[in-house]
Amino acid sequence: MQGLMMQQPLLVASLLVHADRHHGDQEIVSRRVEGDIHRYRYRDLAQRARRMANGLTALGIQPGERVGTLAWNGYRHMELYFAVSGSGSVLHTLNPRLHVDQLAYIIEHAEDRVVFFDLTFLPLIESVAPRVKSPKLFVAMTDRAHMPRAHGLSGTLMCYEDLIELHSDAFDWPLLDENSASSLCYTSGTTGNPKGVLYSHRSTLLHTYAAALPDSLNCSARDVILPVVPMFHVNAWGLPYIACMVGAKLVFPGPALDGKSLYELIETEQVTLSAGVPTVWQGLLSHVAERAGTFSSMRRTVIGGAPCPTAMTTQFQERYDVDVLHAWGMTELSPVGTVCSFKAHQRALSGEERYAIQAKQGRSVFGIDMKIVGSDGDELPWDGNAAGDLLVRGPWVARQYFGGDDVPPLRDGWFPTGDIAKIDADGFMQITDRSKDVIKSGGEWISSADIENVACLHPDVTMAVCIAARHPKWDERPLLLVVRKPASSLTERQLLDFLDGRIAKWWKPDAVIFVEEIPLGATGKVLKHRLRDRYGSYYL
Ligand code: AMP
């Protein structure tokens, strides 16, 4: 028997319609690329998003086509989140930290029809444009007064505010299929070319409900939310959608992510909740400690993307009375998978025991199921000791990559995360290692395979292996181990100079170690875990 309830698809635009109708007066504050602070309300956001939806139609963007953005966290980016997805096309957020070759690859692979960009990224766009067949249209996210005069995009550059002004705010959000694609984000989480994760309206809405729950990010209409995590990185962990769902005030930091700028914004806007990777919080904590400041409004901060060190949790909680929510997720998981919030019986534990729990990545939010398996594929017990491959499944987990000819990643319906974890009897998961061969520095991926390939192009290199070494500031940094050709006198400096320009600057290994040989397994594969055991603490 069928239920007798309304059939309403779960659509991204409905979040905006709700925010407009029920929280129209709520503020959105942005530090702009132009240097000033911009303020408006959800009502204005909704109106301008409708104008932009008409603008996109006028540009000829068809349903399902991809619209790229290369932008910081700000209100114009937020408008595109809703104008693009809401009107049926696909918002493709591009990561400006990638090397120009990778950006060009991703833009072509996604077949972006147009790319919107913040002025900061004009030089990057100018380098990318000649390398790609599409798009032939770029939109600078600024007003006429700030449009660049001289640039290399002649005939293909438009002004964002022109598009807004030219078009009417009368737009009816179409009734889309909830399973249609809403946004796209590429991840370098595995070796080889970046892979696109294509979210649907349904997956985004379900993720939004779950991530807003009290034991998840615990968001409400009383909150003032500062997403420091970039909107180009897995939809800023869903916060732009969550803020609309609950009617929270939003504060966008723009390009200024240093401790001083963040602290000013947190205090002047009375931020209650913020979210970002540990590296960013280190800058903030040092700044606040230096000037003996306090947090007058902030009550919790979500820390994820990399393990949150206990020293950071202690400092936030004991010194500043700011609760730390340690969370784990992935681009392929939209991204929230687990959040470390206490169960009732854990609240009575001693401080030390509680910190030991908070060092874990946490328990599943409803919607994500997880398990750990051994090398034989058998499920391992949740005893807090056994460590195995972490697999997940749920309605906001990717089942395949976008346009991928690769083998679909799922194993018996479960997504292999590439993380190694243990799970305790209370269901708290803790990452112990990573099986995927990538380095995560300051919250962004570095492909060890790409560095190895480029290093091997040097005529004096016989073999090059790049591993993640732990780093006090960046969490991990690449370390390059090299076997030189016999009689070669190649130096570390010469090899690093050779890498210049061939990989993104921040991908350059902090050190090169010349070794006699690299340990290989029975099938000739490099035993990276052995190298990690030996050299993993090199930067500490
Ligand atoms: P991304 O797809 O860029 O969001 O990266 C996802 C990966 O980051 C995960 O598979 C983990 O390897 C790592 N990661 C994310 N959050 C955490 C965390 N809290 N602790 C440890 N590693 C994390």
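To the nearest 0.05, how large is the calculated FRET efficiency for Lys371 and Asp36 if R₀ is 51 Å and r is the Cβ-Cβ distance?
Efficiency, from the Cβ-Cβ distance: 0.55.
If Val251, Val33 are ordered by their accessible area, calculated over protein heavy atoms with a 1.4 Å probe, which sequence runs from highest to lowest?
Numbers: Val251 0, Val33 50 Å².
Putting Val251, Val33 in descending order of accessible area: Val33, Val251.
Run the paramagnetic zone check for Asp426: 7 angstrom along Cα to Cβ, then residues of the range 264-289 with backbone nitrogen under 17 Å.
Output list for this probe position: empty.
Determine the gain in length on full extension of the stretch Asp406-Thr310; use 0.36 nm per residue of separation and subtract their C-alpha separation, reporting nm with one decimal.
Values: separation 96, 0.36 × 96 = 34.56 nm, distance 3.87 nm.
In short, 30.7 nm is gained.
Restricting things to Cα coordinates, could you compute the convex hull volume per residue of the range 268-360 in Å³?
Cα convex hull per residue, to the nearest whole number: 108 Å³.
Sort the following peptides by mean Cβ neighbour count (other Cβ atoms within 10 Å, averaged over residues), highest first: 266-274, 314-322, 347-355.
Ranked from most to least packed, the peptides come out as 266-274, 314-322, 347-355.
Under a 5 Å amide H to amide H cut-off, with H placed in plane at 1.01 Å, what residues pair with Ser441 once short-range neighbours are removed?
Ile446
Could you tell me what percent of the DSSP beta bridges with both partners in the chain are antiparallel, to the nearest 5?
Looking only at bridges with both residues in the chain, the antiparallel portion is about 55 percent.
Using the eigenvalues of the Cα gyration tensor, what equivalent ellipsoid semi-axes result for the chain when each is taken as the square root of five times the eigenvalue, whole Å, largest first? Please report the intermediate quantities before stating the final value.
Values: eigenvalues 254, 178, 116 Å².
Result for the chain: semi-axes of 36, 30, 24 Å.
Round to a whole number: what % of the accessible area of the range 437-540 belongs to carbon and sulfur, probe 1.4 Å?
51
Which distance in Å, rounded to a whole number, links the C-alpha centroids of the range 407-459 and the range 157-235?
The two parts, judged by their Cα centres, are 24 Å apart.
For the pair Lys505 and Arg149, what calculated FRET efficiency results from E = 1/(1 + (r/R0)^6), where r is the Cβ-Cβ distance and R0 = 25 Å, to the nearest 0.05?
Numbers: r = 28 Å, r/R0 = 1.11.
Step by step, r from the Cβ atoms, then E = 0.35.
P(r) for the range 12-202, please, calculated from all Cα pair distances in 5 Å bins and given in %.
Per 5 Å bin, starting at zero, the Cα-Cα P(r) for the range 12-202 comes out as 1, 8, 17, 20, 21, 17, 10, 5, 1, 0 percent.
Could you pull out every one of the aspartates and glutamates with an alpha carbon less than 13 Å from that of Lys508, ignoring same-chain neighbours closer than 8 positions?
Cross-link targets: Asp450, Glu452, Glu476, Glu492, Asp497, Asp500.
Determine one quarter of the surface area of the Cα convex hull of the range 437-540, which equals its mean projected area, and express it in nm² to one decimal.
With the hull built on Cα positions only, its mean projection is 6.4 nm².
Work out the FRET efficiency for Asp533 and Ala221 from their Cβ-Cβ distance, taking R0 = 60 Å, and round it to the nearest 0.05.
0.75
Which Rg and Dmax, in Å, describe the Cα atoms of the range 76-172?
In order Rg, Dmax, the Cα atoms of the range 76-172 give 13.5, 40 Å.
With both bridge residues required to lie in the range 437-540, what share of the DSSP beta bridges run antiparallel, to the nearest 5%?
Numbers: 15 of 20 bridges.
If I count the DSSP bridges inside the range 437-540, around 75 percent turn out antiparallel.
Carbon and sulfur atoms: what percent of the 1.4 Å accessible area of the range 223-294 do they account for?
55
For each pair in Lys440/Lys528; Lys260/Lys473; Lys343/Lys440; Lys422/Lys525, compute the distance between the two Cα atoms and list the pairs where it is over 24 Å.
Lys343/Lys440; Lys422/Lys525
Tell me the carbon and sulfur percent of the accessible area for the range 12-202, rounded to whole percent, probe radius 1.4 Å.
Working: 3540 of 7310 Å².
Carbon and sulfur: 48 percent of the exposed surface of the range 12-202.
For the chain, with every protein chain kept in place, what is the accessible area per residue (1.4 Å probe, Å²)?
Values: 22730 Å² over 540 residues.
Computed with neighbouring chains in place, this is 42 Å² per residue.
For a quick protection proxy, order the peptides 8-19, 483-494 by their average other-Cβ count within 10 Å, most packed first. Walk me through the numbers before you get to the answer.
Details: 8-19: 20.2, 483-494: 12.4.
Listed from highest to lowest mean packing, they are 8-19, 483-494.
Label points 7 Å out from Cα along the Cβ direction at Glu111 and Thr491: separation in nm?
Computed distance between label sites Glu111 and Thr491 equals 5.1 nm.
For the range 486-531, report the translational diffusion coefficient in µm²/s to the nearest whole number, using Stokes-Einstein at 10 °C, 1.306 mPa s, and a Kirkwood Rh over Cα pairs.
Approximately 124 µm²/s, per Stokes-Einstein.
The values are calculated or read from the model by the stated rules, or taken from the named source; none is laboratory data. As the structure is a prediction and not an experimental result, all values here were calculated from the model. Neighbour counts are summed over all protein chains in view; Cβ atoms, including those assigned to glycine, are modelled from backbone coordinates with ideal geometry. Remember, those area values only see protein heavy atoms, side chains included, never the ligands or the DNA or RNA. Shrake-Rupley method; radii C 1.70, N 1.55, O 1.52, S 1.80 Å.
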